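For reference, the structure discussed in these notes is given below.
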Amino acid sequence: MRSSISFFVAGAAFVLLSACSGSPAAPQVATLDTGSASAGAPASSSATTAESDAGRPQLRLDSSPEEKQSYWDAYDSCLRTNGHAVLDGRHSGPVGDPNSPPALDMNDDSPQSKKAEEACKRKLPLQPPELSPRTNPKFNDQFHDMVKCMTDKGAHVHVAPDTSVDADGLTWQIDDGSSDTYDNLDKLADQCQQQAFAK
């Protein structure tokens with residue numbers, strides 16, 4: 001299951017923060033088109049983003065892990081079907097499961113992989129709008145509250161910038177020297193995300 005590490009992940013990965021093999025890549029997030037230009041961005045850029053996001057599955061803060069995984073599985077399957085590069089000898093499912101599909105190489109920028117990404121862009125899940133500084137004016141404070149919730153519950157993590165999608169984007173990272181792992185913290189991150197962004 002893709003991690004919640006990067007909240008604007010992408011297709012790219014956390015997001016996220018990782019590839020299809022475990023960490024989410026950073027998918028693009030939807031923007032709200034208010035009909036007027038925002039500071040520094042022409043109104044047409046909102047319209048262009050809205051058009052490119054049309055038809056994409058929209059994740060919600062309360063999406064179940066199974067729902068999220070089904071959207072990512074559909075996107076990953078589309079990429080594989082369209083010839084996206086995979087990692088030799090690595091599988092996207094549980095460790096040691098040779099029946100799971102090969103893990104995608106989200107760092108590959110070959111023409112074939114780019115063509116697959118273009119063919120599958122309508123299947124790339126949109127992150128919840130609450131998780132973008134472009135669509136949520138409280139994003140910064142809520143993200144810091146989320147990370148505080150994680151540290152209050154024993155996680156050794158800190159806030160770090162993530163400009164892969166938004167200039168003002170944030171992510172969380174495990175502290176140097178910690179024995180915490182992203183797989184172990186995903187559930188806690190989801191719980192704290194729900195708590196912090198539901199305010």
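The values are calculated or read from the model by the stated rules, or taken from the named source; none is laboratory data. It should be emphasised that the depicted structure is a prediction, and the values quoted were computed from it without experimental measurement. Every residue, glycine as well, gets a Cβ built from its backbone with ideal geometry; the counts of neighbours run over all protein chains shown. Note: accessible area is taken over every heavy atom of the protein model, side chains too, but ligands, DNA and RNA are not part of it. Shrake-Rupley method; radii C 1.70, N 1.55, O 1.52, S 1.80 Å.
Below, the figures for the structure above:
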{"read-out": "So A103, is it open to solvent by 50 Å² or more (accessible area, probe 1.4 Å) and hydrophobic (A, V, I, L, M, F, W, C)", "value": "no"}
{"read-out": "Members of region 170-197 found to be small (G, A, S), at pLDDT below 95 and outside any loop (DSSP other than H, G, I, E, B), listed by number", "value": "A189"}
{"read-out": "Residue within region 74-95 that is within 27 Å of F197 (Cα to Cα), out of contact with any Leu (no Cβ under 7 Å at 6 or more places or on another chain) and not polar (S, T, N, Q) present", "value": "yes"}
{"read-out": "Residue match in region 38-46 (condition: modelled with pLDDT under 90, open to solvent by less than 70 Å² (accessible area, probe 1.4 Å) and under 14 Å from the mean Cα position of the chain (by Cα))", "value": "no"}
{"read-out": "Of the criteria (1) part of a helix (DSSP H, G or I); (2) under 24 Å from Y71 (Cβ atoms), which one V165 fails", "value": "(1)"}
{"read-out": "Tally of residues being hydrophobic (A, V, I, L, M, F, W, C) and surrounded by fewer than 17 Cβ atoms within 10 Å (Cβ to Cβ) across region 160-199", "value": "3"}
{"read-out": "Of all residues making up region 114-155, the number that are open to solvent by less than 20 Å² (accessible area, probe 1.4 Å) and assigned to a helix (DSSP H, G or I)", "value": "10"}
{"read-out": "Within region 47-63, considering residues that are farther than 13 Å from P128 by Cβ and exposed (fewer than 13 other Cβ atoms within 10 Å of the Cβ), the one modelled with the highest pLDDT", "value": "G55"}
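Rundown of residues vs (1) more than 16 Å from the chain's Cα centre (by Cα); (2) within 22 Å of Q58 (Cα to Cα); (3) β-branched (V, I, T), yes/no style:
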| position | (1), (2), (3) |
| --- | --- |
| N140 | yes, yes, no |
| K153 | yes, no, no |
| S164 | no, yes, no |
| D186 | no, yes, no |
